[in-house]
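Here's the structure we're looking at; comments come further down.
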Amino acid sequence: MAETKNEGNGKPVIFSGIQPSGNLTIGNYIGALKNFDQFQNDYECYYCVVDLHSITVRQDAARLRKRTVELTALYMAVGLDPERSTLYVQSHVSAHAELAWILNCYSYMGEMSRMTQFKDKSRKNEENINVGLFTYPVLMAADILLYQTNLVPIGEDQRQHLEICRDIAIRFNNAYSPTFAVPEAYIPKVGARVMSLQEPTSKMSKSDENADNFVAILDPQDVVMRKFKRAVTDSETEVRYDVQAKPGITNLMSIYGAMTGKDMPAIEKEFAGRGYGDFKEAVGVSVAEGLRPVREKYAALVADAPAIEAMLGRCAGRAEQVARKTLTKVQRKVGFLPRPRSM
Ligand code: TYM
């Protein structure tokens with residue numbers, strides 16, 4: 001493994017992260033994960049398991065550890081290769097938390113209060129509106145900015161957080177001198193916001209209590225088929241793209257489009273005169289079959305947790321080197337006295 005390959009190889013940088021909380025859904029897959037491996041040859045890629053973010057909601061400790069390994073296995077199952085991409089755990093590289101603190105002091109209460117995800121999560125979680133939930137986007141900015149990231153593949157729901165990250169980077173660069181690359185979002189054209197199957201006007205979410213609302217990446221074939229069969233549609237019979245009038249069918253079309261590469265007019269044509277039953281069946285098959293290789297690879301990988309952990313250790317070392325370099329630069333600019341060497 002090329003332990004120091006990140007340094008100065010001239011490739012643009014990709015960073016993305018996923019929380020190790022809940023069952024990852026086909027929303028996470030289509031909006032983010034599925035797009036990660038295409039970048040591996042042309043970009044320096046960092047894919048992070050963001051455990052620091054996940055504790056903004058209470059987690060069971062043993063379960064969180066297990067899910068951290070499982071999410072890493074899933075990263076590898078979709079084709080991420082630790083020889084080419086740095087796959088690591090956020091809490092293993094302390095520079096994330098350190099830079100987040102500094103950036104907290106360059107971020108404003110007003111801009112954080114406007115974040116829709118904060119407002120949503122506070123509403124859903126009234127008994128635990130912790131400060132971490134509030135400054136969550138600042139930690140996300142630290143993640144991205146530590147690696148001089150150029151491009152961030154994410155779903156639509158993270159767009160606002162990326163905007164804040166850019167604002168913070170520009171603010172810091174202007175206050176001192178160019179320190180951070182200012183990143184761009186990479187948001188897929190189809191499937192950037194996969195909606196709930198039962199309530200197609202809200203986002204599909206891995207923390208949803210009703211398991212019929214989402215399809216998990218690792219759901220077995222029969223479960224996938226059943227969930228699509230039950231998906232909410234409308235009283236018409238026509239497969240037609242119309243977000244306002246037909247949110248259920250439109251969502252299913254987006255899922256099918258993302259899984260098959262077909263565009264919306266082609267899908268409308270394919271199912272003209274065929275009714276919803278056939279269509280739902282086809283969507284279910286496209287997901288169940290499309291994810292079969294992922295499920296199979298995942299099962300093999302997750303069976304060897306020690307190998308995954310060893311890899312995470314190596315990758316954390318690689319990430320640490322790059323992150324430290326940015327953090328040291330930032331610490332110098334804000335005026336921290338470099339730590340004298342101990343004798
Ligand atoms: P998280 O863990 O909620 O989701 C991971 C990724 O999945 C995307 N996503 C969706 N895309 C389409 N449709 C959906 N229904 C759907 N649900 C989730 C998300 O947009 C995301 O890309 N804050 C981030 C994690 C994070 C991060 C970062 C991402 C922390 N630091 C730095 C990028 C860069 C989050 O909670 O994602």
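Observations on the model:
- Dividing the summed -39500 (n - 2.57) terms of all DSSP H runs of n ≥ 4 by the residue count of the chain sets its mean residue ellipticity at 222 nm at -16000 deg cm²/dmol.
- Set of lysines near LYS229 by C-alpha distance (under 23 Å), chain-local residues within fewer than 8 positions excluded: LYS203, LYS206, LYS246, LYS262, LYS269, LYS280
- Within region 56-137, trypsin sites (Lys or Arg not before Pro) in DSSP loop having at most 12 other beta-carbon neighbours inside 10 Å: ARG58, ARG114
- The spacing between region 235-257 and region 119-189, judged by their C-alpha centroids, is 32 Å.
- Summed over the residues of the chain and divided among them, the accessible surface reaches 47 Å² per residue at a probe radius of 1.4 Å.
- Charge dipole of region 211-299 (Cα centre as origin; +1 on each Lys and Arg Cβ, -1 on each Asp and Glu Cβ, all else neutral): 220 debye, rounded to the nearest 20.
- Modelled spin-label separation between THR201 and LEU337, with each label point placed 7 Å from Cα along the Cα-to-Cβ direction: 6.0 nm.
- Based on the convex hull around the alpha carbon atoms, region 38-172 presents an average projected area of 8.7 nm².
- Summing +1 for each Lys or Arg and -1 for each Asp or Glu among the other residues whose beta-carbon sits under 15 angstrom from that of ASN150 gives -2.
- By average C-beta atoms within 10 angstrom, highest first, the peptides 17-28, 158-169: 17-28, 158-169
- Within a straight-line Cα-Cα reach of under 25 Å, LYS11 can be paired with the following lysines, leaving aside sequence neighbours fewer than 8 residues apart in one chain: LYS34, LYS189, LYS325, LYS329.
- Kirkwood hydrodynamic radius computed over the chain comes to 21.2 Å, based on all pairs of distinct alpha carbons.
- Ranking MET109, MET264, MET115 from most to least accessible surface, computed with a 1.4 Å probe over the protein chains only, gives MET109, MET264, MET115.
- GluC sites (Glu not before Pro) restricted to region 258-343 and DSSP loop, no more than 12 other C-beta within 10 Å: none
- With all pairs of separate Cα atoms included, region 211-299 yields a Kirkwood hydrodynamic radius of 13.3 Å.
The values are calculated or read from the model by the stated rules, or taken from the named source; none is laboratory data. Note that the structure is a prediction, hence the values are computed from the model and not measured. Here the Cβ is made from the backbone with ideal geometry for all residues, glycine too, and neighbour counts use every protein chain on show. Each accessible area value is taken on the protein alone, full model and side chains, heavy atoms only, with ligands, DNA and RNA left out. Shrake-Rupley method; radii C 1.70, N 1.55, O 1.52, S 1.80 Å.
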